[in-house]
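Trainee: Questions regarding the structure given below will be posed in turn.
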Amino acid sequence: MRVRTKILVVEDDASILELICMNLEAAGYETVAIGDGLEAEKYLHGCGEECIALALVDVMLPGKDGFALMEDFQKAKIPLIYLTAKDDVISKVHGLKSGAEDYIVKPFEVLELLVRIENVLKRTGRSRQKIQIRDVVIDLKEHSVTKAGVKVALKPLEYELLVTLASSKNVAFSREELLNQIWGCEYMGETRTVDVHIGQLRKKLEFHDVIRTISKTGYRLEDSL
């Protein structure tokens, strides 16, 4: 049985709430969805860091706003990222100084949200220690990969590419995004470099039907949850 990292999402716009949860679950997380500030406060009284790794919280909520909820999250020892349309500097400074791990302004790209979530989970010591795709296990602490219990030798960039794709399962990455994230924005080579490394991963891990090519875009690692 796989244990998935659980994220609490507090957002009063039902369509945004559904979209965020759908993308998080596609990426391999478990979600708890709440649409009201007072409901979130009630939930936190019976919960804590043992069951929730991270919270994504809107600022403008009915019942009790996101800023007012900060004390409740701190008591529950749950790190928080604000997701809000309030893009003024005063709100950003207030949110971060009050204890938020990050402050993301709507609208935002899903990939940016996933990367920021991973960064906060790592920084707070709540990141996933292992990622499993079929019979392949990525040990993030040991920086090792095994297939059916047998260690697979990957080059450093192959490993980083695999972790990037596996950390955001079922999410499509463009070749440019992968280059920027793994090789760095100053890399001057061709996007074909990504194709070559993808080919090696498919061969070494027998992932020909797992790492999918997205026409005119890039790649996506597909894994049923």
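Trainee: Measuring with a 1.4 Å probe in the full set of protein chains, what accessible area per residue, in whole Å², belongs to the chain?
Mentor: 52 Å²
Trainee: Between Cys47 and Ser144, how many nm apart are label points set 7 Å from Cα along the C-beta direction?
Mentor: My value for the distance between the label points is 3.5 nm.
Trainee: Applying the Karplus parametrisation 6.51 cos²θ - 1.76 cosθ + 1.60 with θ = phi - 60° to the phi angles of segment 201-212, what ³J(HN,Hα) value in whole Hz is obtained for each residue in order, glycine and proline being reported as x?
Mentor: Once rounded to whole Hz, the list reads 5, 4, 5, 5, 9, 6, 9, 4, 9, 9, 8, 8.
Trainee: What whole-number value in cubic angstrom gives the convex hull volume per residue for the C-alpha atoms of the chain?
Mentor: Expressed per residue, the convex hull around the Cα atoms of the chain is 136 Å³.
Trainee: Among the GluC sites (Glu not before Pro) within segment 16-104, which fall in a DSSP loop and have no more than 10 other Cβ atoms within 10 Å of their own Cβ?
Mentor: Glu50
Trainee: Computing the accessible area with a 1.4 Å probe over protein heavy atoms, can you report the carbon and sulfur percentage for the chain?
Mentor: The C+S portion of the solvent-accessible surface of the chain is 51 percent.
Trainee: So if I take the centroid of the Cα atoms in segment 8-53 and the same for segment 91-136, what is the distance between those two points in Å?
Mentor: 14 Å
Trainee: Dividing the alpha-carbon radius of gyration of segment 114-196 by 2.2 N^0.38 Å (N being the number of residues), what value is obtained?
Mentor: This ratio for segment 114-196 stands at 1.14.
Trainee: Right, another one. Placing unit charges on C-beta atoms (Lys and Arg positive, Asp and Glu negative, everything else neutral), compute the dipole magnitude of segment 148-208 about its Cα centre in debye, rounded to 20.
Mentor: 340 debye
Trainee: Then there's this: What's the magnitude of the charge dipole for segment 28-140 around its Cα centre, counting Lys and Arg as +1 and Asp and Glu as -1 at the beta-carbon? Answer in Debye, nearest 20.
Mentor: In debye, rounded to 20, segment 28-140 gives about 280.
Trainee: Starting from the amide H of Ser144, placed 1.01 Å from N in the peptide plane, find each other amide H under 5 Å away whose residue is 5 or more places distant or on another chain.
Mentor: Result for Ser144 returns Asp139.
Trainee: Now for a separate question. Using 0.36 nm times the number of residues separating Ser215 and Ala14, minus their current alpha carbon distance, what extension gain do you get?
Mentor: Stretched fully, the Ser215-Ala14 segment lengthens by 69.2 nm.
Trainee: Over segment 1-120, what is the percentage of antiparallel beta bridges among all DSSP beta bridges, to the nearest 5?
Mentor: Taking every DSSP beta bridge within segment 1-120, about 0 percent pair in antiparallel fashion.
Trainee: Let me ask something additional. Label segment 58-99 by shape, choosing from rounded, prolate and oblate, from the square roots a ≥ b ≥ c of the eigenvalues of the Cα gyration tensor; if a/c is under 1.5 it is rounded, and otherwise prolate applies when a/b is larger than b/c, oblate when it is not.
Mentor: Judged from the Cα gyration tensor, segment 58-99 comes out oblate (a/c at least 1.5, b/c at or above a/b).
Trainee: Which of the lysines could a cross-linker span from Lys155 if the Cα-Cα distance has to be under 16 Å and same-chain partners fewer than 8 positions apart are dropped?
Mentor: Filter leaves Lys147, Lys203, Lys204.
Trainee: Would you mind telling me the antiparallel percentage of the DSSP bridges in segment 52-147, rounded to 5?
Mentor: Close to 55 percent.
Trainee: How big is the charge dipole of the chain about its Cα centre, in debye rounded to the nearest 20, if each Lys and Arg gets +1 on its Cβ and each Asp and Glu gets -1 on its Cβ?
Mentor: Here the size comes out at about 1000 debye.
Trainee: Can you tell me which lysines have their Cα less than 23 Å from the Cα of Lys97? Leave out same-chain residues fewer than eight positions away.
Mentor: Straight-line reach from Lys97, under 23 Å: Lys64, Lys75, Lys77, Lys86, Lys106, Lys122.
Trainee: Calculate the radius of gyration of the Cα atoms of segment 1-130 to one decimal place, then report Dmax, the largest Cα-Cα distance, as a whole number, both in Å.
Mentor: 13.4, 45
Trainee: Show the residues, 5+ positions off or on another chain, whose built amide H is closer than 5 Å to the amide H of Ile133.
Mentor: Under 5 Å from the amide H of Ile133 lie the amide H atoms of Ile138, each far enough along the sequence or on another chain.
Trainee: Points 7 angstrom from Cα along the Cβ direction at Val137 and Thr124: gap in nanometres?
Mentor: 2.7 nm
Trainee: Nearest 5 percent is fine: what portion of the DSSP beta bridges confined to the chain is antiparallel?
Mentor: Percentage antiparallel, nearest 5: 50.
Trainee: Sequence neighbours fewer than 8 away in the same chain don't count; with that in mind, list the aspartates and glutamates whose C-alpha is under 16 Å from Lys92.
Mentor: Answer for Lys92, where 16 Å is the Cα cut-off: Asp58, Asp65, Glu101, Asp102, listed by chain and number.
Trainee: Further, regarding this structure: Could you rank the peptides 89-98, 55-64, 173-182 by their average count of other C-beta atoms within 10 Å per residue, with the highest value first?
Mentor: Ranking the peptides 89-98, 55-64, 173-182 by packing returns 55-64, 173-182, 89-98.
Trainee: For Leu38, project a label point 7 Å along Cα to C-beta. Then give me every residue of segment 52-76 with its amide nitrogen under 20 Å of that point.
Mentor: Answer for this model: 58-73.
The values are calculated or read from the model by the stated rules, or taken from the named source; none is laboratory data. Just so we're clear, the structure is a prediction, and the values are computed from it rather than from any experiment. Positions of Cβ are generated from backbone atoms using ideal geometry, with glycine treated the same way; all protein chains shown enter the neighbour counts. Keep in mind that these areas ignore ligands, DNA and RNA; they rest on the heavy atoms of the full protein, side chains included. Shrake-Rupley method; radii C 1.70, N 1.55, O 1.52, S 1.80 Å.
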